[in-house]
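K.L.:
Okay, handing you the structure first.
All of the numbers you see were taken from the coordinates with simple rules; none came from a lab. Keep in mind it's a predicted model, so treat the numbers as computed, not measured. Cβ: placed from backbone, ideal geometry, glycine included. Neighbour counts: every protein chain shown.
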Amino acid sequence: MLLARVTGTVTATAKDAQMVGSTLLVCDIANGAGKSTTASVVAVDTVGAGVGDDVLITTGSAARMAAGSAGSPVDATIIAVVDTVTVAK
């Protein structure tokens, strides 16, 4: 799983039939200190996340196991909205 912050949305008018109705969000991946890195990923939202939310993302074959993503051609899925991040020092 990856910790990320939602920074934007993606609109795709032409997409795979299994993706119709899916919300695509741009997520900036966080480093170990909870700060954003330069890496971003487009992830399918399955939990109702929005811009500014901290989220957990699953990638690879596990991304297709989340509710609402089963069998879809996805590589990243938002599986949780994070309430609190605490980093031990």
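K.L.:
With contacts defined as alpha carbon pairs under 8 Å and 6 or more residues apart, what's the relative contact order of the chain in percent?
P.N.:
30
K.L.:
First measure r as the distance between the Cβ atoms of THR84 and VAL51, then evaluate 1/(1 + (r/R0)^6) with R0 = 25 Å and state the FRET efficiency to the nearest 0.05.
P.N.:
0.85
K.L.:
Then there's this: May I ask you to evaluate 6.51 cos²θ - 1.76 cosθ + 1.60, the Karplus curve with θ = phi - 60°, for each residue of region 52-62 and list the ³J(HN,Hα) values in order in whole Hz, giving x for glycine and proline?
P.N.:
Per residue, the Karplus-derived 3J(HN,Hα) values read x, 6, 8, 9, 9, 10, 10, 10, x, 5, 5 Hz.
K.L.:
Can you tell me the Rg and the Dmax, both Å, for the Cα atoms in the chain?
P.N.:
Calculated on Cα positions, Rg and Dmax stand at 12.8, 46 Å.
K.L.:
Something else now. Among DSSP beta bridges whose residues both lie in the chain, state the antiparallel percentage, nearest 5.
P.N.:
The antiparallel proportion sits near 90 percent.
K.L.:
Once the other residues with Cβ under 15 Å from the Cβ of ILE57 are scored (Lys, Arg +1; Asp, Glu -1), what is the net sum?
P.N.:
-3
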